[in-house]
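Read the figures in this text as sums done on the coordinates, not as results from a lab. For clarity, every value in this text was computed on a predicted model and none was experimentally measured. Note that each Cβ is placed from the backbone with ideal geometry, even for glycine, and that neighbours are counted across all protein chains shown.
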Ligand code: HAX
């Protein structure tokens, strides 16, 4: 058994006892009311999910296991001379709630390396798809195709106690995480780099190996680590996390569950927003012949977008009410590595121009940028101009959080999801219209 799995097994009895006590002694305590607006408003703000992996405060932003983004980046172990921590250490933190030692990180690195070989049929599946298929479709299909490897299914069919569900869920999650960066890089190089995939180097850590397989030099390895860590989790109500949790609640395995979550991430109001930001920004750069627009021109462009009934991609959020600290972390990376880049200057100018316009426009509750407003420019700078691909990298990072969540879902015995629906007529009756 890996040390990480041993650690998880040692943590579970206490957590299980806490949940059992809470449900037994306080199961009927009311936490929140449900408002009519939430029935049609995407259940916004409804408190009916639980996770201990991360918590999103509207004003402060995400905390991973209690640590803010600056704290996470500062406290997690780093490779000698590196500026961004190991992705593997972040996974340890998400799963256990504890900061790993250097030895803990090395243990996770070698565990993932051993699980990293991708079966050939996955490549054959990807190659059978038309080459102009969206890379998110390819990514999610590759994950679904791997489902035949599921340990959970094998153990479930053999007869397994509920208490043990988390164990094969852990195996599936780790086996998947170990392969996702390789699959992502393969899709990229097959689709966009004249079909020249680069085999993984299993002596490298996750971020470095991804950069290697993408064929991009340092400091892209640092950016990859940052990108995967920042995108890993955003508590459990967002579409990708909730979908993964929902599908897993039917005891579907990690492959089915993650693929479903990725399909949700592929929506333009969620993870696909990062490609929309680049498409929208590049359109303007093209109009300007590659030059930075004036502030006035940019203001007009933003208003034109709003007046044509479209959203400003990368701005607004369902929970956040301030600049997303994931945006800030990426901005700091840009200020260090690409301060003179024209596109970065334009992203910075948008940060000045968009919030006051959204405030004046008066609809968006949060006029500030989210994570997706900044991720594309960094990828663009290091040569990834195929912005369709950005959400795939988001998916690699998001897998760390959502898979950690479904391991704990099984450990703590979370039930199959089944909220109750009412008809419009019933709602009208309840409020006294009928
Ligand atoms: N531009 C223009 N209008 C916006 C807006 C924006 N960036 N953000 C919100 N609004 C509008 C909404 O469309 C809504 O209009 P209607 O009343 O006509 O429906 C109104 O303002 C109120 O919306 P809200 O309550 O502030 O926001 P929601 O919780 O409904 O939606 C979204 C949150 C993130 C989907 C929204 O802000 C949006 O569409 N943003 C642009 C797309 C984007 O950046 N998505 C990525 C979000 C982060 C993420 O999940 N990454 O994966």
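A Stokes-Einstein calculation at 4 °C with viscosity 1.567 mPa s, built on the Kirkwood radius of the range 310-369 over Cα pairs, returns a diffusion coefficient of 106 µm²/s.
Length, then width, then depth: along the principal axes, the Cα atoms of the range 359-434 run 60, 47, 19 Å.
Please say if the chain is rounded, prolate or oblate, where rounded means a/c under 1.5 for a ≥ b ≥ c the square roots of the C-alpha gyration tensor eigenvalues, and otherwise the choice is prolate for a/b larger than b/c and oblate otherwise? It would help to have the intermediate numbers written out before the result.
Details: a/c = 1.60, a/b = 1.11, b/c = 1.44.
Note, shape of the chain comes out oblate.
Shape class of the range 190-313 from the alpha-carbon gyration tensor: oblate, with a/c at 1.5 or above and b/c at least as large as a/b.
Modelled spin-label separation between residue 28 and residue 296, with each label point placed 7 Å from Cα along the Cα-to-Cβ direction: 6.9 nm. The ranking of 53, 312 from fewest to most other beta carbons within 10 Å of each one's beta carbon is 53, 312. For the chain, averaging the sequence separation of C-alpha pairs within contact (under 8 Å, six or more residues apart) and dividing by the residue count gives a relative contact order of 21 percent. Taking other Cβ atoms within 10 Å as a rough exposure proxy, 198, 31, 229 sort from fewest to most as 31, 198, 229.
Rounded to two decimals, what ratio of Rg to Rh does the range 245-308 give with C-alpha atoms and a Kirkwood Rh?
Values: Rg = 18.5 Å, Rh = 14.4 Å.
The Rg/Rh ratio comes out at 1.28.
Determine, for 270, 234, 90, 385, the number of other Cβ atoms within 10 Å of each Cβ, and report the residues in order from fewest to most. Please list the in-between numbers first.
Details: 270 19, 234 27, 90 32, 385 13.
Ascending Cβ contact count within 10 Å gives the list 385, 270, 234, 90.
From largest to smallest, the equivalent ellipsoid semi-axes obtained for the range 29-121 from the alpha-carbon gyration tensor read 35, 19, 12 Å. Working from label points 7 Å from Cα in the Cα-to-Cβ sense, the residue 304 to residue 340 distance is 3.0 nm.
Computed over the range 94-234, the P(r) tail beyond 20 angstrom holds 54 percent of alpha carbon pairs.
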